[in-house]
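Accompanying notes for the structure given below.
The values are calculated or read from the model by the stated rules, or taken from the named source; none is laboratory data. Computed from a prediction, not measured in an experiment: that's the story for all the values here. Cβ placement follows ideal geometry from the backbone for every residue including glycine, while neighbour counts extend to all protein chains displayed.
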């Protein structure tokens, strides 16, 4: 697999909110704890059930379902928030 991981729009937006807190995105436990702290039960459950997919997203980026890397900005999760 060498393409971005597709996730629901809701999960994508919540992961982006988690990323905006400054948490180290490649620290799975910290990301999970942040989802709990921010009261994101859907994303908490998704992370618990999809750890391998999340880790693939760290490497290849994530996009909302139904989009492609050509039609949307693919942001790798380990990239700093304000860098392009």
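The table below gives the values:
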| read-out | value |
| --- | --- |
| Given (1) farther than 24 Å from residue 3 by Cα; (2) within 11 Å of the chain's Cα centre (by Cα), index of the condition residue 19 fails | (1) |
| Breaking point among (1) touching a helix residue (DSSP H, G or I) at 6+ places or on another chain (Cβ under 6 Å); (2) at pLDDT 95 or above, for residue 64 | (2) |
| Odd one out for residue 53 among (1) assigned to a loop (DSSP other than H, G, I, E, B); (2) within 19 Å of residue 67 (Cβ to Cβ) | (1) |
| Residue list for the stretch 48-64, filter: exposed (fewer than 12 other Cβ atoms within 10 Å of the Cβ) and either closer than 13 Å to residue 8 by Cβ or touching a residue at least 60 places away in the same chain (Cβ under 8 Å) (or both) | 49 |
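Table: residues versus (1) assigned to a helix (DSSP H, G or I); (2) farther than 17 Å from residue 66 by Cα; (3) under 13 Å from the mean Cα position of the chain (by Cα); (4) in contact (Cβ under 8 Å) with a residue 12 or more places away in the chain.
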position: 3; (1), (2), (3), (4): no, no, no, yes
position: 23; (1), (2), (3), (4): no, yes, yes, no
position: 33; (1), (2), (3), (4): yes, yes, no, no
position: 36; (1), (2), (3), (4): yes, yes, no, no
position: 46; (1), (2), (3), (4): yes, yes, yes, yes
